[in-house]
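The values are calculated or read from the model by the stated rules, or taken from the named source; none is laboratory data. Note that the coordinates shown come from a computational prediction; the quantities given were computed from them, not determined experimentally. For neighbour counting, all protein chains shown are included, and Cβ atoms are generated from backbone atoms with ideal geometry for every residue, glycine included. Note: accessible area is taken over every heavy atom of the protein model, side chains too, but ligands, DNA and RNA are not part of it. Shrake-Rupley method; radii C 1.70, N 1.55, O 1.52, S 1.80 Å.
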Amino acid sequence: QVQLVESGGGLVQPGGSLRLSCAASGFTFRRYGMRWYRQAPGKERELIATISTSGDSTNYADSVKGRFTISRDNAKTTVFLQMNSLKPEDTAVYYCKADRINSWGQGTQVTVSS
């Protein structure tokens, strides 16, 4: 059974940082690319970052490029999202997902506000 457990969200002031984690289980983690999505209230879920199986290749949405960094630890079956220079428009629920596996975690709420 695939499980994805996101954590690390919270309330942060504009300009601050957070590091999200996603602990994965139930599949061979190292064989799957991983993704981070986010969904703001009243908006569609948005793909913001992807990482290859080895971690050598990453891609970012323009809205987060230069501020967010995706990484992974295959030994710990965990994917991370380092978020710097946070803006109020980054407020959303953040989700991780494995490529080709239709399963979602509960997400973690990130709120950027002064």
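For residues that are part of a strand (DSSP E or B) and either touching a Phe, Trp or Tyr at 6+ places or on another chain (Cβ under 6 Å) or β-branched (V, I, T) (or both), tally how many sit in the stretch 20-45.
Adding up the residues that qualify gives 4.
Determine, yes or no, whether L11 is under 14 Å from the mean Cα position of the chain (by Cα) and within 19 Å of V93 (Cα to Cα).
Spelling it out, it is not the case that L11 is under 14 Å from the mean Cα position of the chain (by Cα) and within 19 Å of V93 (Cα to Cα).
I'd like to check something: does the stretch 65-88 contain any residue that is in a loop (DSSP other than H, G, I, E, B), polar (S, T, N, Q), in contact with a strand residue (DSSP E or B) (Cβ under 9 Å, 6 or more places away or on another chain) and open to solvent by less than 50 Å² (accessible area, probe 1.4 Å)?
Yes; the residues of the stretch 65-88 include at least one that is in a loop (DSSP other than H, G, I, E, B), polar (S, T, N, Q), in contact with a strand residue (DSSP E or B) (Cβ under 9 Å, 6 or more places away or on another chain) and open to solvent by less than 50 Å² (accessible area, probe 1.4 Å).
Would you mind finding the one in T69, T53, T78 that is in contact with a helix residue (DSSP H, G or I) (Cβ under 7 Å, 6 or more places away or on another chain) and β-branched (V, I, T)? First the steps, then the outcome.
Numbers: T69 fails: in contact with a helix residue (DSSP H, G or I) (Cβ under 7 Å, 6 or more places away or on another chain); T78 fails: in contact with a helix residue (DSSP H, G or I) (Cβ under 7 Å, 6 or more places away or on another chain).
After ruling out the rest, the residue left standing is T53.
Quick one: Q109 ticks every box in (1) modelled with pLDDT under 95; (2) open to solvent by 70 Å² or more (accessible area, probe 1.4 Å) bar one, so which box is it?
With (1) modelled with pLDDT under 95; (2) open to solvent by 70 Å² or more (accessible area, probe 1.4 Å) applied to Q109, the lone miss is (1).
Looking at R31, R19, can you tell me which residue is modelled with pLDDT of 95 or more, surrounded by fewer than 12 Cβ atoms within 10 Å (Cβ to Cβ) and farther than 17 Å from S113 by Cβ?
R31
I'm trying to understand the selection: among the residues of the stretch 89-103, which are part of a strand (DSSP E or B) and either touching a Phe, Trp or Tyr at 6+ places or on another chain (Cβ under 8 Å) or closer than 23 Å to G55 by Cβ (or both)?
Passing the criteria: Y94, Y95, C96, K97, A98.
Go through (1) out of contact with any helix residue (DSSP H, G or I) (no Cβ under 8 Å at 6 or more places or on another chain); (2) under 17 Å from G9 (Cβ atoms); (3) not aliphatic (A, V, I, L, M) and name the single condition S113 misses.
If we test S113 against (1) out of contact with any helix residue (DSSP H, G or I) (no Cβ under 8 Å at 6 or more places or on another chain); (2) under 17 Å from G9 (Cβ atoms); (3) not aliphatic (A, V, I, L, M), just (1) comes out false.
Find all pairs meeting these conditions: Cβ atoms under 8 angstrom apart; at least six residues apart or on different chains; first residue within the stretch 48-73 and under 18 Å from N84 (Cα atoms); second residue open to solvent by 50 Å² or more (accessible area, probe 1.4 Å) and acidic (D, E).
A61/E46; S63/E46; S63/E89
Looking at S57 and the list (1) under 13 Å from I70 (Cβ atoms); (2) of a type in the set (G, A, S); (3) open to solvent by less than 50 Å² (accessible area, probe 1.4 Å), which single condition is not satisfied?
Going through (1) under 13 Å from I70 (Cβ atoms); (2) of a type in the set (G, A, S); (3) open to solvent by less than 50 Å² (accessible area, probe 1.4 Å) one by one, S57 breaks only (3).
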